[in-house]
Amino acid sequence: MIVHICKKLLFYDTNLKIAIYLGALFLLSLIADVLTFPKSYFSRSDNIFNQYFVKIGWFWTLFLTIPYVFLTSYTTCCGKRKLIGTHLVRLFIATLFWYFWTTLFNVIEVKYGRCNSRNITDKVTCLKNGHFWNGFDISGHCFILIYSSLILIEEAKAINGWERIKDFIRDETYSRSLNDKSARVNPLKNINKEDLEVLKTSYEKFTPYVRAFLIAIAGLQLLWDVMLVSTILYYHIMVEKFISGVIAILTWFVTYRVWYTLPYLLPNPPGQGLFKYNMEKSAPLNVPLRKKSSINNGKHFMGMPINPNQESGEPAEETK
């Protein structure tokens, strides 16, 4: 039940979530620039969530996603190291983008800013002497919170269809025990015996940990959303927050929605392994509707004719 709730929280329509992010960054930030919201615990920069979570937000993101990605990819890739590496490299790429953008934000603020004391030109010296540094401070907090949230959502998608793997293993094991070589639709039919054993062992061993990490990921993503609202209300100006949010969303889109979906290019998208398990539910078959019988005005109950003989259009027998 807890895992199901976490899935609902994480896999809320991503496009709608992004629209909410952009709307809040623009409208709510604009209101915050004009009005002064009442002070709260979250308005203090030394609050525990800001000090021990947001300021080291990327650490917490990697702390949960690295073992989660390793466990899920080890299972679906049947322990093959090269394939596991193609999944972990996504987090390496995300880290490079995080470092590049946050460094660039700081460079822009330092290079194009100035101290309110004309005699000081260095930001560190300016702040140490109790002065104010006036620069274009693109919000690194907004970037980290939004980008981390989107990374958590994308990587967590490996859990979709996870419970089916148990059924696939059972059915494939049974079919092989009967030496049934007839046409099967089981996605495990093409993996060899050794890989099937690795899959069975790792699935049973890692599934409790995968679920635990999913719950933690959902909790962290919820915290990031709460802290994003706090940042919007109390820190930076609208332009600084909106630009950082747009950069975070574009970085996510280019990697997860464009790059990783291209065929024959690495890294692989979340959930891809030696077999397909997280496919969408198949659409219902296009079975032609049965014509209504003219007898008895074509009355049916729960899809069946009231009189069984009417299904073939035969007249009902007369009662004696």
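Considering only Q51, Q272, Q221, the Gaussian network model of the chain with Cα springs below 10 Å gives its largest mean-square fluctuation to Q51. Taking the chain as a whole, the Cys residues whose C-beta sits 4.7 Å or farther from every other Cys C-beta are C6, C77, C78, C142. The simple Förster model, with R0 at 41 Å and r as the Cβ-Cβ distance, assigns K189 and L266 a FRET efficiency of 0.95. Taking Cα centre as origin and charging only the Cβ of basic (Lys, Arg, +1) and acidic (Asp, Glu, -1) residues, the dipole magnitude of the chain rounds to 340 debye.
Maximal additional length on extending the F59-N15 stretch stands at 13.2 nm, based on 0.36 nm per residue less the C-alpha distance. Result for the chain in a Gaussian network model with C-alpha springs under 10 Å: among I20, I247, I159, the largest mean-square fluctuation is at I20.
Helical runs assigned H by DSSP (4 residues or longer) give the chain a calculated mean residue ellipticity at 222 nm of -18000 deg cm²/dmol, each run adding -39500 (n - 2.57) before division by the residue total. Highest-first packing order for the peptide set 123-131, 228-236, 148-156, 251-259 is 148-156, 228-236, 251-259, 123-131, based on the mean count of other beta carbon atoms within 10 Å. Placing unit charges on the Cβ atoms only, positive for Lys and Arg and negative for Asp and Glu, gives the range 145-257 a dipole magnitude near 300 debye about its Cα centre.
Taking the Cα centre of the range 133-193 as origin and assigning +1 to Lys and Arg Cβ atoms and -1 to Asp and Glu Cβ atoms, the resulting dipole is close to 560 debye.
Computed with every protein chain present, the accessible area of F213 is close to 50 Å² [probe 1.4 Å]. A straight chain from F70 to F92 at 0.36 nm per residue would run longer than the Cα-Cα distance by 6.6 nm. A Förster radius of 41 Å combined with the Cβ-Cβ distance from K111 to R81 puts the calculated FRET efficiency at roughly 0.40.
What translational diffusion coefficient, to the nearest whole µm²/s, does the range 1-70 have by Stokes-Einstein, given a Kirkwood radius computed over alpha-carbon pairs, a temperature of 10 °C and 1.306 mPa s viscosity? Please report the intermediate quantities before stating the final value.
On the way: Rh = 15.3 Å.
For these conditions, the coefficient is 103 µm²/s.
Max-minus-min Cα coordinates of the range 1-263 on each principal axis give 85, 34, 30 Å, with the largest extent listed first. Specify the residue with the greatest mean-square fluctuation among P267, P208, P67, computed from a Gaussian network of the chain linking alpha-carbon atoms under 10 Å apart. Looking only at P267, P208, P67, the largest GNM fluctuation is found for P208. Computed over the range 85-134, the percent of Cα pairs more than 15 Å apart is 57.
Protein-only accessible surface at a 1.4 angstrom probe places the residues M238, M227, M1 in the order M1, M238, M227, largest first.
Taking a sphere under 13 Å around the Cβ of E109 and counting the other residues whose Cβ falls inside, with K and R at +1 and D and E at -1, yields a net charge of 0. Just want the answer: with Cβ charges of +1 for Lys and Arg and -1 for Asp and Glu, which residue in Y209, S149, V198 is farthest toward the dipole's positive end in the range 1-263? Going by the charge dipole, the pick is V198.
Summarising the amide proton neighbourhood of R114: residues at separation of 5 or more, or on other chains, whose placed amide H is nearer than 5 Å comprise N134, G135.
Kindly flag which residue pairs out of K55/K157; K123/K157; K111/K157; K17/K193 have an alpha-carbon separation exceeding 31 Å in this structure. Beyond 31 Å: K123/K157; K111/K157; K17/K193. At a probe radius of 1.4 angstrom, the accessible area of the range 16-160 per residue rounds to 54 square angstrom.
The values are calculated or read from the model by the stated rules, or taken from the named source; none is laboratory data. Quantities reported herein were computed from a predicted structural model and do not represent experimental measurements. FYI the Cβ positions are ideal-geometry reconstructions off the backbone, even for glycines, and counts take in every protein chain you see. Side chains are part of the model used for accessible areas, which takes the heavy atoms of the whole protein and leaves out ligands, DNA and RNA. Shrake-Rupley method; radii C 1.70, N 1.55, O 1.52, S 1.80 Å.
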